[in-house]
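Asker: I have a structure here, written as structure tokens, and I will follow up with some questions on it.
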């Protein structure tokens, strides 16, 4: 199980390679790696270089930190995340975002590709996450608590920062980009949902569903971080219950919608 000492060991390994001080952290989801091309790169650090770090095995997830400037703002990007379905304990899944928080960032933006459960959505819809459901995955906080990271029983009633949500909507309005709001539900994966599961999740109030993000948000809120979440709806799971979903199709839609997501993120970080 990862403890503060594990995070500090990885952080020290990062600091041995760069003294860059990012203001904002950004996690890039499946098919949303185009933002990495927008960075004025100072340095890249592969997860393979860091002690105790899990390795990204999902297609399209490179597994590296990118340090540099985005629109003049110093940032650190997680170009690829790890997922619970890859076989890692949940405490290790959230290790990269916890280390990012320890770098001293003021806020972290979590992005993902997700299936749509809200009938008002369509492939390519960008959804601001205003709440989440992680009841179907293990909590990253299970086990001994280190009070230096956070309290034993953190309040997650407002897990996504309301001021950042308001800023994101203002940016979307200014740029003329359609932005929805909704609840994100995380499942373990790697299998996509059955038709009956999709109906159940929709009844639970979820607007989008995916295999990441929620656990990261819990771990970051435990540390007192300000969090903003954005989902790119890549397929309408609630409608396509008789069609097969493929990772390749999801990436294609995310790549197309990624242009608008990049615009949103680049402007939001200037206002944090």
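Asker: If contacts are Cα pairs under 8 angstrom and at least 6 residues apart, what is the relative contact order of the chain in percent? Write out the running numbers ahead of the final one.
Answerer: On the way: 559 pairs, mean separation 71.2, N = 272.
Averaging sequence separation for qualifying contacts and normalising by length gives 26 percent for the chain.
Asker: Report the FRET efficiency, 1/(1 + (r/R0)^6), for residue 271 and residue 157, where r is their Cβ-Cβ distance and R0 is 22 Å, rounded to 0.05. Working shown, then result.
Answerer: On the way: r = 25 Å, r/R0 = 1.12.
Computed FRET efficiency for residue 271 and residue 157: 0.35.
Asker: Say R0 is 25 Å: what FRET efficiency, to the nearest 0.05, do residue 173 and residue 21 get from their beta-carbon distance?
Answerer: 0.20
Asker: Roughly how many nanometres apart are two label points built 7 Å out from the Cα toward the Cβ at residue 139 and residue 3?
Answerer: Reported label-point gap for residue 139 and residue 3 is 2.0 nm.
Asker: Also, I was wondering about something else. If you find the alpha carbon centre of region 1-56 and of region 169-224, how far apart are they in angstrom?
Answerer: The two parts, judged by their Cα centres, are 24 Å apart.
Asker: Taking a virtual spin label 7 Å from the Cα of residue 263 along the C-beta vector, which residues in region 114-137 bring their backbone nitrogen under 18 Å of it?
Answerer: Once the point is set 7 Å along Cα→Cβ of residue 263, 122-128 turn out to lie under 18 Å by backbone N, inside region 114-137.
Asker: Defining a contact as two alpha carbons under 8 Å apart and six or more residues distant in sequence, what relative contact order in percent does region 16-114 show?
Answerer: Dividing the mean separation by the residue count of region 16-114 yields 41 percent.
Asker: Among 81, 44, which comes first, second and so on when ranked by fewest other beta-carbon atoms within 10 Å?
Answerer: Neighbour counts put them in this order, fewest first: 44, 81.
Asker: Based solely on its DSSP helices, what 222 nm [θ] is calculated for the chain when runs of n ≥ 4 H residues each add -39,500 (n - 2.57) and the sum is averaged over all residues, nearest 500 deg cm²/dmol?
Answerer: -9000 deg cm²/dmol
Asker: Taking the number of other C-beta atoms within 10 Å as the exposure measure, put 223, 200 in order starting with the fewest.
Answerer: Going from least to most buried by this count: 200, 223.
Asker: Starting from the Cα of residue 166, step 7 Å along the direction of its Cβ; do the same at residue 119; then give the gap between the two resulting points in nm.
Answerer: With each label placed 7 Å out from Cα toward Cβ, I get 3.4 nm.
Asker: By how many nm would the segment from residue 200 to residue 147 lengthen if fully extended, with 0.36 nm per residue of separation less the alpha-carbon distance?
Answerer: Here the segment from residue 200 to residue 147 would lengthen by 15.4 nm.
Asker: Another question, if that's okay. Give me 27, 94, 183, 156 ranked fewest to most by other Cβ atoms within 10 Å of their Cβ, as a rough exposure proxy.
Answerer: 156, 183, 27, 94
A short reminder: the numbers here are calculations on the coordinates, not readings from a lab. Note that this is a predicted model, so its numbers are computed, not measured. Note that we place each Cβ from the backbone using ideal geometry, even for glycine, and neighbour counts take in every protein chain shown.
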